[in-house]
Amino acid sequence: MKSEIIKVTFSNKVDNLSYPIFVGANLIYNCEKILKKFIHNKKIILIHDKVFYKKNEINESFVAFINLIEKFTSSVNLIGISGGDKTKNISELNHIIEKSLSFEIDRDSIVIAFGGGVIGDIAGFAASILLRGINYIQIPTTLLSQVDSSVGGKTGINSRKSKNLIGSFHQPLAVIIDINLLNTLPKREFLAGLVEVIKYGLIKDDKFFHYVEENYKQILKYDQSSLKEIIIKSCKIKSEIIKNDEKENGQRALLNLGHTFGHAIESFGKYDGTIIHGEAISIGICLAFKLSNKMGFCSLIETTRVINLLKNLKLPTSFLDLSISITTSKMLEKFKYDKKNKNNQLTFILNERIGKSFIKNNMDVNVLTKFLDEEI
Ligand SMILES: NC(=O)c1ccc[n+]([C@@H]2O[C@H](COP(=O)([O-])OP(=O)(O)OC[C@H]3O[C@@H](n4cnc5c(N)ncnc54)[C@H](O)[C@@H]3O)[C@@H](O)[C@H]2O)c1
């Protein structure tokens, strides 16, 4: 399978920042040429998900990758951390920082994040503050991270108050997406990633939503060509949205469809795996469509179509699918920490139809309260 390159550019940057996303199969074994340009003779801090390097179970691709980069870098220093949102906290960040410093790094050293969104987010954040900022490369290993978190430079950790409240914008030097890394990904995690794929169609591209509707059975078989199709399309849509809004002052917020509800729900799960990010976003998307319908913005037919696709994928679609106890007042309390809020006013991403999201500022709390009372 031929690999493809998508270029991420930011139009408002004086320094014309841009970086490549490489997408292909078995890229991990064949990335010498790609990587040499960025990491030749440099000291590497390879922050990886421990899932690839357990005592009696070492992932072949990961070891091949280490052997490959050891040939043309000055040293490869490993930091293994656990996947799962529980890891995205300040003490884990501190551990990464202190361990990185113990390798006697300098400002030319490079962080490589090898793992899912959790590893990418925390490693990227560490890179953004180590020695006041060093470069990093993303090698995403979950579907979610390949279509979303590795692109766009949002890095960070969770606070006890809610999700992703501590962080920075720090763009990677490059993103390397090897579709074959998904072969070992558990189905539950794969489905969670598919939610973010569906999200892109809902925000901006009804034809893409239709493609997933038509091909989801093929996609669930990890079929390489449909996987490549959805990953490339997702990265392209995300790049297009963030191009003019790197720091989320406007349109980038659309990518948050389902996330105001989703982040709140996720934080009630205490990040212990009861509900994972993509699952919470699945419920969040359904709620955003139901709310759009309640407020007269979106038809019931479109809303039902969205919920049906997520149901067909056996994803959770409502509060009833949760084993966590949630109340309207607890949800409203969590919304206060949403980063889209301005002047104590809540902002939500709603939809006119499939393929057209919009930003709804100054959300009426009474409408929201009534809606949540009916849903919970
Ligand atoms: N920065 C952004 O723009 C952005 C966007 C969306 C989501 N996120 C964040 O991403 C995180 C979720 O990412 P995620 O779903 O990748 O979570 P994750 O990194 O926790 O990975 C999910 C699980 O899959 C395992 N895993 C990873 N790769 C594997 C592989 N190839 N084979 C087998 N197991 C593997 C991990 O150990 C973990 O248990 C959340 O914290 C979310 O907030 C960030």
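Considering every residue within the range 48-58, establish whether at least one is in a strand (DSSP E or B), at pLDDT below 90 and basic (Lys, Arg). Within the range 48-58, one or more residues are in a strand (DSSP E or B), at pLDDT below 90 and basic (Lys, Arg). Scan the range 182-227 for residues that are within 10 Å of the ligand (Cβ to nearest atom), open to solvent by less than 10 Å² (accessible area, probe 1.4 Å) and over 17 Å from Asn308 (Cα atoms) and the total you get is 3. Say whether the condition of being assigned to a helix (DSSP H, G or I) and over 23 Å from the mean Cα position of the chain (by Cα) is met by at least one residue in the range 332-342. There is at least one residue in the range 332-342 that is assigned to a helix (DSSP H, G or I) and over 23 Å from the mean Cα position of the chain (by Cα). Scanning the range 266-319 for residues that are of a type in the set (Ser, Thr, Tyr), without any contact (Cβ under 8 Å) to a residue 60 or more places away in the chain and either in contact with a Cys (Cβ under 7 Å, 6 or more places away or on another chain) or buried (at least 19 other Cβ atoms within 10 Å of the Cβ) (or both) gives Thr303, Thr317, Ser318.
Taking the range 219-263 as the range and being out of contact with any Leu (no Cβ under 9 Å at 6 or more places or on another chain), assigned to a helix (DSSP H, G or I) and farther than 24 Å from Leu287 by Cα as the test, the residues that pass are Gln224, Ser225, Ser226, Lys228, Glu229, Ile232, Lys233, Cys235, Lys236, Ser239, Glu240.
On inspection, Asn343 qualifies as at positive phi and either in contact (Cβ under 8 Å) with a residue 60 or more places away in the chain or open to solvent by 50 Å² or more (accessible area, probe 1.4 Å) (or both). Going through the range 166-178 one residue at a time, which ones are more than 11 Å from the ligand (Cβ to nearest atom) and either in the same structural domain as Cys235 (by TED's automatic domain parsing) or surrounded by fewer than 19 Cβ atoms within 10 Å (Cβ to Cβ) (or both)? Of everything in the range 166-178, those that are more than 11 Å from the ligand (Cβ to nearest atom) and either in the same structural domain as Cys235 (by TED's automatic domain parsing) or surrounded by fewer than 19 Cβ atoms within 10 Å (Cβ to Cβ) (or both) turn out to be Ile166, Leu173.
Looking across the range 140-151, just one residue is of a type in the set (A, V, I, L, M) and either open to solvent by 10 Å² or more (accessible area, probe 1.4 Å) or more than 10 Å from the ligand (Cβ to nearest atom) (or both), and that is Leu144. Take the range 113-127 and flag every residue that is within 12 Å of the ligand (Cβ to nearest atom) and part of a helix (DSSP H, G or I). If the condition is that a residue be within 12 Å of the ligand (Cβ to nearest atom) and part of a helix (DSSP H, G or I), then Gly117, Val118, Ile119, Gly120, Asp121, Ile122, Ala123, Gly124, Phe125 are the ones that fit.
Out of curiosity, is Ala192 part of a helix (DSSP H, G or I), in contact (Cβ under 8 Å) with a residue 40 or more places away in the chain and outside the structural domain of His263 (by TED's automatic domain parsing)? Criteria not met by Ala192.
If you go through the range 117-137 and keep only what is open to solvent by 10 Å² or more (accessible area, probe 1.4 Å) and not β-branched (Val, Ile, Thr), you end up with Gly117, Asp121, Phe125, Ser128, Leu131, Arg132, Gly133, Asn135. Answer yes if at least one residue in the range 81-103 is open to solvent by 30 Å² or more (accessible area, probe 1.4 Å), within 23 Å of Glu32 (Cα to Cα) and away from the ligand (no atom under 14 Å from the Cβ), and no otherwise. Looking through the range 81-103, none of the residues is open to solvent by 30 Å² or more (accessible area, probe 1.4 Å), within 23 Å of Glu32 (Cα to Cα) and away from the ligand (no atom under 14 Å from the Cβ). Taken together, Lys42, Lys37, Lys71 contain a single residue that is surrounded by 18 or more Cβ atoms within 10 Å (Cβ to Cβ) and not hydrophobic (A, V, I, L, M, F, W, C), which is Lys42.
The values are calculated or read from the model by the stated rules, or taken from the named source; none is laboratory data. Quick caveat, the model's predicted, so the values are computed rather than measured. Neighbour counts run over all protein chains shown; Cβ positions are idealised from the backbone, glycine included. Surface accessibility is based on the protein's heavy atoms, side chains included, excluding ligands, DNA and RNA. Shrake-Rupley method; radii C 1.70, N 1.55, O 1.52, S 1.80 Å.
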